[in-house]
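Quick notes on the structure that follows.
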Amino acid sequence: DYLSNPEAVASKLAIVCGSRAHLEDEAIASRSVFRTFLMYGFHFLVWMFAVQGLRDTQCGFKLLTRQAALTCFSSMHVERAFDVEMLYIAQQFEIPIDEVAVNWTEIEVGPAITLPIRTLFGYNVVNNL
């Protein structure tokens, strides 16, 4: 329990990833065939060459214990878009990874720009857009 003993929890290895996998059918219905093809292609490549067992590696929400962060980040080489590399390293070190469902809303702000708005357990993670 983190609230009663935060240091003990922080010293363990664990990662929690936000996941939009529960929204997949809804997302496919609103996406073009081309974007859906690209999505499935990317998921297949990630599954084939890097991270297996997770349905959504790109949501953006990652929660790591202190020890998991030290282990993963000290081994990383990519500076941007690091999700797949970090999760791959975590699996190589056999760090437990779990997914939690997040609500996701895309907001059109321009002709080709869409901002993802993430919420976790009803809390807006992106503040004051």
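The values are calculated or read from the model by the stated rules, or taken from the named source; none is laboratory data. Just so it is clear, the model here is predicted, and its values are computed rather than measured. Glycine gets a Cβ as well: all are built from the backbone with ideal geometry, and neighbour counts include every protein chain shown. When the accessible area is computed, the model is the full protein with side chains, heavy atoms only, and any ligands, DNA or RNA have been set aside. Shrake-Rupley method; radii C 1.70, N 1.55, O 1.52, S 1.80 Å.
Every listed requirement among (1) modelled with pLDDT under 75; (2) crowded, with 17+ Cβ neighbours inside 10 Å is met by residue 46 save one, (1).
Since residue 114 meets every condition but one in (1) at pLDDT below 85; (2) open to solvent by less than 40 Å² (accessible area, probe 1.4 Å); (3) of a type in the set (Val, Ile, Thr); (4) more than 16 Å from the chain's Cα centre (by Cα), which condition does it not meet? Looking at each condition in turn, residue 114 falls short on (2). Quick one: in region 76-90, which of the residues that are in a loop (DSSP other than H, G, I, E, B) and open to solvent by 40 Å² or more (accessible area, probe 1.4 Å) is nearest to residue 13 (Cα to Cα)? Selected residue: 82.
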